[in-house]
Amino acid sequence: MSGLALDPGFFALLTGSHARLVGRPLVPAGRGPDWLYAAAPFALLAHDGAADPRFVYANRTAQTCFGYDWDAITALPSRLSAEAPERAARQALLDRVARDGFATGYRGVRIAASGRRFWIEDGTVWQLVDADGTPRGQAATFTRWRDV
């Protein structure tokens with residue numbers, strides 16, 4: 001597992017960007033990176049800002065949903081979390097987030113490592129923006145999922 005899972009600076013980037021852009025806290029008061037990674041009851045993933053973004057973070061709930069361990073999911077280009085027919089809708093969402101800062105109420109089909117297809121529902125996607133205003137990628141959280 002990479003240091004980002006429990007890294008206080010990355011935790012600050014995730015939670016600070018979410019609070020500023022979405023307007024509400026990502027985690028309950030007093031909870032830290034260990035809770036977000038290991039105990040949060042929602043899935044949280046983040047990818048970098050590369051032209052073909054790669055996941056750099058996935059909490060345990062997200063790893064369970066997608067069926068990947070830390071090393072496998074953080075080696076995965078994020079576009080591969082959706083099947084080819086779903087990628088255009090996913091890219092349109094990411095483009096909207098890049099333009100507007102965040103989007104809520106997202107719903108889409110994703111694919112697990114096993115090939116199992118599942119809906120993610122009640123998703124929120126936001127820009128990861130550091131203290132200097134530099135975009136560092138995007139993050140997504142969802143609270144509900146179910147098999148297709």
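Computed about its Cα centre, the charge dipole of the chain is approximately 420 debye, with only Lys, Arg, Asp and Glu carrying charge at their Cβ. On a C-alpha basis, how far is the centre of the stretch 1-42 from the centre of the stretch 84-122 in Å? Whole number, if you could? Taking the Cα centre of each part, the stretch 1-42 and the stretch 84-122 sit 21 Å apart.
Once you have a ≥ b ≥ c as the square roots of the Cα gyration tensor eigenvalues for the chain, tell me rounded if a/c is under 1.5, and otherwise prolate or oblate according to whether a/b is larger than b/c.
rounded
Taking a sphere under 10 Å around the Cβ of G105 and counting the other residues whose Cβ falls inside, with K and R at +1 and D and E at -1, yields a net charge of -1.
For the stretch 70-79, 3J(HN,Hα) computed residue by residue from phi via the Karplus equation (6.51, -1.76, 1.60; θ = phi - 60°) reads 3, 4, 6, 6, 7, 9, 8, x, 5, 4 Hz, glycine and proline entered as x. Karplus-derived 3J(HN,Hα) values for the stretch 126-138, using 6.51 cos²θ - 1.76 cosθ + 1.60 with θ = phi - 60°, are 9, 6, 8, 10, 6, 4, 7, x, 7, x, 10, x, 9 Hz; glycine and proline are entered as x.
Atom-type composition of the exposed protein surface of the stretch 13-148 places 52 percent of the accessible area on carbon and sulfur (1.4 angstrom probe).
Past the 15 angstrom mark, what percentage of all C-alpha to C-alpha distances in the stretch 1-73 do you count?
Details: 1426 of 2628 pairs.
Percent of Cα pairs beyond 15 Å in the stretch 1-73: 54.
Per-residue packing, averaged as other Cβ atoms within 10 Å, sorts the ranges 43-53, 67-77 into the order 43-53, 67-77, beginning with the highest. Accessible surface of W119, taken over heavy atoms with a 1.4 Å probe and every protein chain present, rounds to 60 Å².
Residues whose amide H comes within less than 5 Å of that of R136, counting only those at least five positions distant or on another chain, are L128, V129, D130 (H built at 1.01 Å from N in the peptide plane). Computed from phi, the 3J(HN,Hα) profile of the stretch 13-27 under the Karplus parametrisation 6.51, -1.76, 1.60 (θ = phi - 60°) reads 5, 4, 6, x, 4, 4, 4, 5, 8, 8, x, 8, x, 7, 10 Hz, with x in place of Gly and Pro.
The values are calculated or read from the model by the stated rules, or taken from the named source; none is laboratory data. Keep in mind that what you see is a predicted model, and the values were worked out from it rather than measured. Every residue, glycine among them, receives a Cβ derived from its backbone with ideal geometry; neighbour counts consider all protein chains shown. Heads up: the accessible areas ignore ligands, DNA and RNA and are worked out on the full protein's heavy atoms, side chains in. Shrake-Rupley method; radii C 1.70, N 1.55, O 1.52, S 1.80 Å.
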